[in-house]
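Visitor: Attaching a single structure in structure tokens format; questions to follow.
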Amino acid sequence: MEDSKTKSIIRDTIGKYISEILVIFIGISISFFFDEWRDNRKDDETVKKHLTFLRTNLAEDTLKLTAYINHGNRLVNSINKLAYFKQDSEITGNINFYIDNAASYLAFKSNQMAYEEIKQTAHTNLIKNDSLRTLFLSYYTVKIPYCTEWCKIDEVHTMTQVIPEMSIYFPVVVDSLNRISSQEKVKALRLKKIRNLLLANSTYKKATMDAFISAKKAAVNLLKEIDDELKK
């Protein structure tokens, strides 16, 4: 009888301890759950803030890329006028304008404030949408550097090859172009070396614009992905 009573007491004691442990375990689990929920909510708010800022930067980039693509087309058109003319009369009327454009280069600069903020705070991994994260990294680590590289190629060729060679025969600055007659400029433009330099420069500018077009397409796709994410 005594043993039965002792066993009952032991069972009650063990049951009590188990109940207390379960209560503590459940309490800790609930606490962890709410902590994780709060952290996730905080992360979601941080990502939303980053994406909103990023969207502003991308919208600006898209407008600038569109402007630079149009500007580049004008430069290429002018260069081609100087390189492919057959009759003097085809270019004499706007020759100063064409020369000024031929002596220009493309220099696009992306607004990367949001990107730098995300990178410096190490918040890239907070972007849970894999497609969005991939587009984001591709745009800023591949597309934009490629644009920058081609802008530099265009700049170096224009500044070190095209302008110095043309300057031997006539000024390349609009304000002083009138010091040399149109006939003298046309004669110089028929020189094989100048023509070849202009054709190469046109090719570099076309490649730069291709980079702009690709970057613009990537920016538009990224903007769409961001808009979809912000709507969730």
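The values are calculated or read from the model by the stated rules, or taken from the named source; none is laboratory data. A quick note: this is a predicted structure, and the numbers were derived from the prediction, not measured. Don't worry about glycine lacking a Cβ; one is built from the backbone with ideal geometry, like all the others, and counts go over all protein chains shown. The protein model used for the area step is the full one, side chains on, heavy atoms only, and it has no ligands, DNA or RNA in it. Shrake-Rupley method; radii C 1.70, N 1.55, O 1.52, S 1.80 Å.
Visitor: What's the FRET efficiency of Asp130 with Asp227 using the Cβ-Cβ distance as r and R₀ = 22 Å, to the nearest 0.05? Can you show the working numbers first?
Guide: Values: r = 17 Å, r/R0 = 0.78.
FRET efficiency, Asp130 to Asp227: 0.80.
Visitor: Subtracting the Cα-Cα distance from 0.36 nm times the residue separation, let me have the gained length for Gln87 to Arg74 in nm, one decimal.
Guide: Numbers: separation 13, 0.36 × 13 = 4.68 nm, distance 2.09 nm.
Extending this stretch completely gives an extra 2.6 nm.
Visitor: Over 19 Å between C-alpha atoms is what I'm after, so list which of Lys119/Lys232; Lys49/Lys232; Lys143/Lys231; Lys49/Lys143; Lys48/Lys109 land there. Please list the in-between numbers first.
Guide: Details: Lys119/Lys232 24 Å; Lys49/Lys232 14 Å; Lys143/Lys231 26 Å; Lys49/Lys143 24 Å; Lys48/Lys109 25 Å.
Lys119/Lys232; Lys143/Lys231; Lys49/Lys143; Lys48/Lys109, as the Cα separations exceed 19 Å there.
Visitor: Go ahead and run the numbers for FRET between Leu63 and Lys42, Cβ-Cβ distance against an R0 of 30 Å, rounding to 0.05. Write down the numbers at each step before the final one.
Guide: Details: r = 33 Å, r/R0 = 1.10.
Between Leu63 and Lys42 the formula returns 0.35.
Visitor: Report, to the nearest whole %, how much of the accessible area of segment 62-118 belongs to carbon and sulfur atoms, 1.4 Å probe, protein only. Write down the numbers at each step before the final one.
Guide: Working: 1390 of 2810 Å².
Answer for segment 62-118: carbon and sulfur cover 50 percent of the accessible area.
Visitor: Among the lysines, which have Cα under 19 Å from the Cα of Lys192 when same-chain residues fewer than 8 positions away are ignored?
Guide: Within the straight-line cut-off, Lys192 pairs with Lys81, Lys86.
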